[in-house]
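To start, the structure itself, in structure tokens.
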Amino acid sequence: MTVSRLRALSLALLVLMLVMLPLLPLPDFWIIQLNYIGLYTLPVLGLVLLTGVGGLTSFGQAAFVGIGAYTTAWLTLNTGISPWFTLFIGIALTCASALIIGAITLRMSGHYLPLATIAWGLSLYYLMGNLQALGKYDGLLGVPGLSIAGVELGQQRLFYALVWLIVLVACVALLRLLDSRAGRAIRSLKNGAQMAEAMGVNTLHYKIGIFVFAAVLASISGWLIAHFQRTVNPSPFGLKMGIEYLFMAVLGGASQVWGAIVGTSVFKVLEDQLQVLLPRMIGTSGNYETIVFGILLVLVLKYQPDGLWDFVRRRLPRPPRERDWQGAPALPVRDLPAAGDTVLEVQAIRKTFGGLLAVNDITFAIRAGQIMGLIGPNGAGKSTTFNLITGMLALSGGAIRLRGQDISGLDSRRIAERGIARTFQHVKMIADMTVLENVALGAHLRGRHGAIAAMLRLDRAEERQLLHEAERQLQRVGMGHLLHEQAGNLAMGQQRLLEIARALCADPALLLLDEPAAGLRHKEKQALAAVLRQLRGDGMSILLVEHDMGLVMDVCDRMVVMEFGTRLMEGTPDEVRQSHEVRAAYLGT
């Protein structure tokens, strides 16, 4: 059975189960509980995308639920506008708020980001509670219910159908998004910005995008809650509820779409049952369920860190992805420079860190079809020079030209756009993505479709082209048999080759390899050398930073030797091997 058919069957079974539940002779209490589970699942789905997949911790999701709820409540009570129209007004206000907040806070990293979400979440909560127009802490009463063609949806079975239809649409949209060019970019955010930006991903753009999308899901939940409860007050939209939404996401599986439903269901059922059972057992009333949830969270993080859904997922069959990209037309390629043409000119570049001069007037040039080695003892400034060329560090002086165009001062993403691709000294990949998906991330700049197109499945033709290119580059480096392997399962040598294939997927004019032989065994180094020779034969220009002198001498056409941030010499491998200055630099004699 193909993956697409298996997914379709799983979704059909889930829909059938959800349709059958309200048809069973369940008490009204449980129908209402199922409605609350659906209402809470929407903001939790946003956290799955934002926190679990994107790595951006937010405690302010409840505030966006409040914006959606208060918008529809105030408009329907004071203007008589149809609730169906207020949904879109609420989404517009939420998007505007999320854009402003996201543009400010998402530039932060580490613990500053979650602290910032707590700050603006509290601010919105107290704003709702202190505005007279919103009824202060008493809120707004008498919010009308939802109706379709004059039929009141009420709070039970008809409302259940609406809520879970929206939840399923949101789940399918998220699954489609994650299985796309935009989805791979979003999944790369969790590993930091350095690798993603080097692949051409506008990380701030995607961070703001998923932040806004998560806020929209929360706003829709707020709209539904307002017309379900017929009243709105600030208490469900404070920091406490924001923490609970995050707890539900972690409980089900912070990076799992279906885990949002599992986590929300377990939390809601346990909360209601514990509120009744614990006071009976203890003999006094109190919020004892909070203690139980605290213990439960510690146990989940200790023994099931990927959430409850991961326990189910590992036991489900996972057939390899069907190769539906076979026969897809090739992606457009850039014109490579003619043999002998200058590809890269490095002219007297300098880098200072305060009073430390790390790189001092380094000059060299790389020609088309040439492998240039950049070598030197530890602390010579090789990695700094490498990062200056790729835009990871800003120049303090000098100039860099790529195919005659000045790229001095450009950031790594814009340099990638102009045709430089790189690997990293310490392998950077997304361990829970397949080898094929990791390599396809390298072709990010060669695609154009975004998140909306992915959710609507308008990107399939382009997606097949990107995957076809990723497979071609994997075949090129001898890893075509590992397409569907999890990248985290690869040996070090295979991880290095994966990085090279990912860089080649960007269709570069110049390939920069940062210590690709580090940590490799002898056979793996031989395989790497064979790949480098093949690339040179294909006309690829390469700058190689490497400590393994055997590999460098074997594959390089010319070499630049650095010492203490300066250029010691440049020449052929034989000239470098015979140089007394180079021997003194390495051996101290």
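So the values come out like this:
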| quantity | calculated |
| --- | --- |
| Residue tally, condition touching a strand residue (DSSP E or B) at 6+ places or on another chain (Cβ under 9 Å), aliphatic (A, V, I, L, M), in contact (Cβ under 8 Å) with a residue 40 or more places away in the chain and open to solvent by less than 30 Å² (accessible area, probe 1.4 Å), over segment 397-432 | 6 |
| Condition check for residue 265: assigned to a loop (DSSP other than H, G, I, E, B) and either free of Cβ contacts under 8 Å to residues at least 40 places away in the same chain or more than 30 Å from residue 510 (Cα to Cα) (or both) | no |
| Tally, over segment 59-80, of residues that are open to solvent by less than 60 Å² (accessible area, probe 1.4 Å) and within 16 Å of residue 133 (Cβ to Cβ) | 9 |
| Cβ-Cβ under 6 Å pairs, at least 6 apart or on other chains, segment 276-290 side on the phi < 0 side of the Ramachandran plot, far side open to solvent by less than 70 Å² (accessible area, probe 1.4 Å) and of a type in the set (Asp, Glu) | 289/271 |
| Subset of segment 131-161 that is among the aliphatic types (A, V, I, L, M), open to solvent by 70 Å² or more (accessible area, probe 1.4 Å) and not in a helix (DSSP H, G or I) - its residue that is modelled with the highest pLDDT | 141 |
| Inter-residue pairs, beta-carbon under 9 Å, first surrounded by 21 or more Cβ atoms within 10 Å (Cβ to Cβ) and among the charged types (D, E, K, R) and in segment 490-505, second modelled with pLDDT under 90 and in a helix (DSSP H, G or I), 6+ apart | 496/524; 496/528 |
| Residues located in segment 93-130, provided they are free of Cβ contacts under 8 Å to residues at least 24 places away in the same chain, of a type in the set (A, V, I, L, M, F, W, C) and open to solvent by 60 Å² or more (accessible area, probe 1.4 Å) | 100, 104, 108, 115, 127 |
| Subset of segment 255-271 [farther than 21 Å from residue 169 by Cβ and open to solvent by 30 Å² or more (accessible area, probe 1.4 Å)] | 266, 269, 270 |
| For residue 164: the one exception among (1) surrounded by 15 or more Cβ atoms within 10 Å (Cβ to Cβ); (2) closer than 25 Å to residue 234 by Cβ; (3) touching a Leu at 6+ places or on another chain (Cβ under 7 Å) | (2) |
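For (1) more than 29 Å from the chain's Cα centre (by Cα); (2) surrounded by fewer than 10 Cβ atoms within 10 Å (Cβ to Cβ), each residue gets a yes or a no:
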site	(1), (2)
310	no, no
315	no, yes
324	no, no
334	no, no
344	yes, no
347	yes, no
351	yes, no
354	yes, yes
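Yes/no matrix, rows are residues, columns are (1) assigned to a strand (DSSP E or B); (2) touching an Asp or Glu at 6+ places or on another chain (Cβ under 9 Å); (3) at positive phi:
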residue	(1), (2), (3)
488	no, yes, no
494	no, yes, no
502	no, no, no
508	no, no, no
513	yes, yes, no
519	no, no, yes
527	no, no, no
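Residue-by-condition table, conditions (1) within 23 Å of residue 387 (Cα to Cα); (2) modelled with pLDDT under 85; (3) assigned to a helix (DSSP H, G or I):
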position	(1), (2), (3)
530	no, no, yes
536	yes, no, yes
547	yes, yes, no
552	yes, no, yes
559	yes, no, no
585	yes, yes, yes
589	no, yes, no
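The values are calculated or read from the model by the stated rules, or taken from the named source; none is laboratory data. Computed from a predicted structure; not experimentally measured. Reconstructed Cβ throughout: ideal geometry from the backbone, glycine too, with neighbour counts over all protein chains shown. Accessible surface is based on the protein model in full, side chains and every heavy atom, while ligands, DNA and RNA are left aside. Shrake-Rupley method; radii C 1.70, N 1.55, O 1.52, S 1.80 Å.
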